[in-house]
Amino acid sequence: MLQTILRKSLLILALSAIADASAGSDCCCNKECSVNHVKTSDIRFERRDIQLGGMDSLEKEFTSSGKPLLLSILSPSCPICIQGIVQLADRIDSEIMDIILIWTPILDNDSPNHQRPVFLNKGVKEYWDAEGEIASRAAESLKLSGKAWDVYLFYEKNSVWHDRTFPKPAFWYHQLPENTGAPADRRFDLFKINEDLLTLTKGKDERVSEIELIYFEGCPNAGIAGENLAAALEERGMPKNFKKWNSNDPEAPEYVSKFGSPTILVNGTDLFGAEPTEYPACRLYGSRGHPTKEEITEKIAKLNPAG
């Protein structure tokens, strides 16, 4: 169902792009008109409150999303930035994709009090990154010189943020000059964005179909982790049966030995975002050696919202 809705939404995006591209050539003589034929004079602006943000705020929003995600870093006084994000945000269904905008000081007139566009999509979340930390960290991740801005980063559902390292997107686009190091084949293009989004979701069944509990022989936290997992599944109205693997068992699958104890895999992926490692160890979940029932329930609910 999610894929069907997403594909319909993206089809609308593509058809809208066709309509934009069919605009008369004379409109390009208007200095307010970008290559995508959206005039800033047609966009409504207002001054409104904005939350202060930084890496911590972004990481929290990113981790709690549970949907495919568009993250964009923008200057509030850049007309081309405004044109790009309005085209995208107002054509994406907030029910199927989250949108986080990071406004940051790039140009001389940029400030948190600057007028910003009014979006039809009311699910857009906005932050003001006063120090430009996010733009700098994103530039490192994307291998850009200076700061990353006027960029549009797309992430798969339940993407993971590791150790304050700015997460690499599944794909991204930009409206930056060549001297920034931004790749030419990633220039903002609604048709290409639409194709990438379809590829990103094609053939993926993201609902819970297989659950595994991995543990070491003698791990003191394995038992409570299993109990909490069973209780969480029961609360979600799901069968309480799941596979248990002792990673020291020579008969266990090879991938089992690459996860610490206790680990919960859902559809082959760590429920809490850990990557396989050559040197697995005891797991920590915050200050504990096991996840709580509530933590497991919350994660599974994002994967299997219908229960």
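Bear in mind that the values in this text are calculations on the coordinates, not laboratory data. Quick caveat: nothing in here was measured; it's all calculated off a predicted structure. Glycine gets a Cβ as well: all are built from the backbone with ideal geometry, and neighbour counts include every protein chain shown.
Worth pointing out:
- Footprinting exposure proxy ranking of 95, 254, 235, fewest other C-beta atoms within 10 angstrom first, gives 254, 95, 235.
- Listing 227, 61 from fewest to most neighbouring C-beta atoms within 10 Å gives 227, 61.
- Taking a ≥ b ≥ c as the square roots of the eigenvalues of the alpha-carbon gyration tensor, region 229-284 is classed prolate because a/c is 1.5 or more and a/b outweighs b/c.
- Ranking of 215, 255 by neighbouring Cβ atoms within 10 Å, starting from the fewest: 255, 215.
- Charge context of residue 221, other residues only, Cβ under 15 angstrom, K/R +1, D/E -1: +1
- Paired Rg and Dmax values of region 205-301, which use every Cα atom, in angstrom: 12.4, 36
- The packing ranking of peptides 267-276, 82-91, highest mean first, is 82-91, 267-276, where packing means the average number of other beta carbon atoms within 10 angstrom of each residue.
- Total formal charge among the other residues, if their Cβ is under 9 angstrom from that of residue 293, Lys/Arg +1 and Asp/Glu -1: -4
- Rg(Cα)/(2.2 N^0.38 Å) for region 89-132, N = residue count: 1.29
- Distance violations [Cα-Cα > 29 Å] among 122/168; 67/143; 143/293; 147/258; 122/192: 143/293; 147/258
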